[in-house]
Amino acid sequence: DGTAMAAVRDVEIDPEGTFKYILVRLQRPGGDGQRDIVRGTKAAEFHNHIFEKVNPEMEKLGYECKCLGGGKIDHNSKDKKIRVFGLSTGYGKADHSVTVEILKKTYTDYEITWSDDKK
């Protein structure tokens, strides 16, 4: 059932600032449909705080969640720029290039870059 999966937004991140993010893979138990989503917020002190919020929401919709890694996002809405960098101590580094592709779907008119820099 692709409709419920489609209802889940690709990206939910804070509109401004620098904050932690995680890349999460959604999968139907036993199913082969899967997709990756990006979640990030300043409210999260640690990457697992984001996952602990996303996971129950997605389980209610019938998905299994797996965190593929994390990092940081620097979101400058004034200049329409997003920078993806850093890593998560607990989950490891997300594939930032994948994150950028997902962000581009939502922020179509932005300049989006990534690097393995820590800061």
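Summary of values
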read-out	value
Residue 68 long-range amide H proximity, modeled H, under 5 Å	23, 24, 25
Between 0 and 90°, nearest 10: helix 47-60 axis offset from the chain longest Cα axis	30
Cα-based reach from residue 66 at 18 Å (exclusive), listing lysines while leaving out same-chain residues under 8 positions away	20, 53, 93
Phi to ³J(HN,Hα) by Karplus 6.51 cos²θ - 1.76 cosθ + 1.60 over region 72-88, Hz, x for Gly, Pro	10, 10, 10, 10, 10, 6, 5, 8, 6, 10, 10, 10, 10, 7, x, 8, 9
Full-extension gain in nm, residue 101 to residue 32, via 0.36 nm per residue minus C-alpha separation	22.7 nm
Calculated P(r) of the chain - Cα pairs past 24 Å, %	22
For residue 13, residues with placed amide H under 5 Å, excluding near neighbours	40
Rounded tilt (10° steps) of 96-106 against the dominant C-alpha axis of the chain	80
Magnitude of the charge dipole, region 11-115, Cβ model with Lys/Arg +1 and Asp/Glu -1, debye to 20	80
Region 44-93 pair-distance distribution - Cα-Cα, 5 Å bins, rounded %	5, 18, 21, 19, 17, 13, 5, 1
Highest-MSF residue in the chain out of 19, 46, 85 [GNM, Cα springs under 10 Å]	46
Fraction of antiparallel bridges per DSSP, region 11-115 only, in percent to nearest 5	75
Taking the chain and dividing mean pair separation by its residue count, relative contact order in percent (alpha carbons under 8 Å, at least six apart)	26
³J(HN,Hα), Karplus 6.51/-1.76/1.60, whole Hz, each residue of region 40-46, x for Gly, Pro	x, 7, 5, 5, 8, 6, 10
Long-range amide H partners of residue 18 with built H, under 5 Å	75
Table column - 3J(HN,Hα) (Hz), region 64-71, Karplus curve with 6.51, -1.76, 1.60, x for Gly and Pro	8, 10, 9, 7, 8, x, x, x
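No value in this document is a laboratory result; all are computed from the given coordinates. Remember, predicted model here, so these are calculated numbers, not experimental data. Every residue, glycine as well, gets a Cβ built from its backbone with ideal geometry; the counts of neighbours run over all protein chains shown.
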